[in-house]
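The block underneath contains the structure these notes are about, expressed in structure tokens.
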């Protein structure tokens, strides 16, 4: 809003017009003060609006960049088709496991009969949009906000013999025993003042099979004795923690 210029102020050098000029000048001061207040309010509002527009523009630019990265990563995984036993695959081929439906990238040239989810020698998980424990980055003047964390559940409906649980895929496992089973771990992270938490749900069918645990296990039970594996057609959930490599504490959780 423009501010109206004040009239000519009165001057003793013009005695003939002094009274008229003084009256006009004084009358104009009230309107001048009102216009000045409006001008200050408008300027402050414009400054806030400009600041908000700059912030919103920066936020949209970051969102667009993140969307582009996600779209690019997702596009790479779109070509993944189901893995088929016995076929020869080239390095870099993407296939998804018919067991857990996760996508894997081929590490070597060749064929095999082991599902990618259990073949860490030849296949590596291809995970889009997840943060893994590999590598570190120092954040300066940045903040990470996490509203919810969902762990990935790894399912194996045909456990028999030695079954290796890959902690690079997740730390929650849903296992169904179809034979006597020995559990092993791979990709166990290095712990420094940290605690590893693993949840393992064991389901038995019509026949109850034996279960052998990995590492050195201390069971947190009234007698310190390892709890029995589930009976036939039963389910037990076990909670395993570790603060030192190879040393684990086990607890029996919910059961049916």
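Every number in this text was worked out from the coordinates using simple rules, so none of it is lab data. Bear in mind that the values here come from a model prediction, so they are computed numbers and not experimental data. Note: ideal-geometry Cβ built from the backbone for every residue, glycine included; neighbour counts use all protein chains shown.
Along the Cα→Cβ direction, 7 angstrom out, place labels at residue 245 and residue 84. What is the inter-label distance in nm?
Here the answer is 4.2 nm between the modelled labels.
Hey, what's the Cα Rg ratio for region 146-256 versus the globular rule of thumb, 2.2 N^0.38 Å?
1.05
Can you work out the base-10 log of I(q)/I(0) for region 79-129 at q = 0.17 1/Å, using the Debye formula on its C-alpha atoms alone?
-0.39
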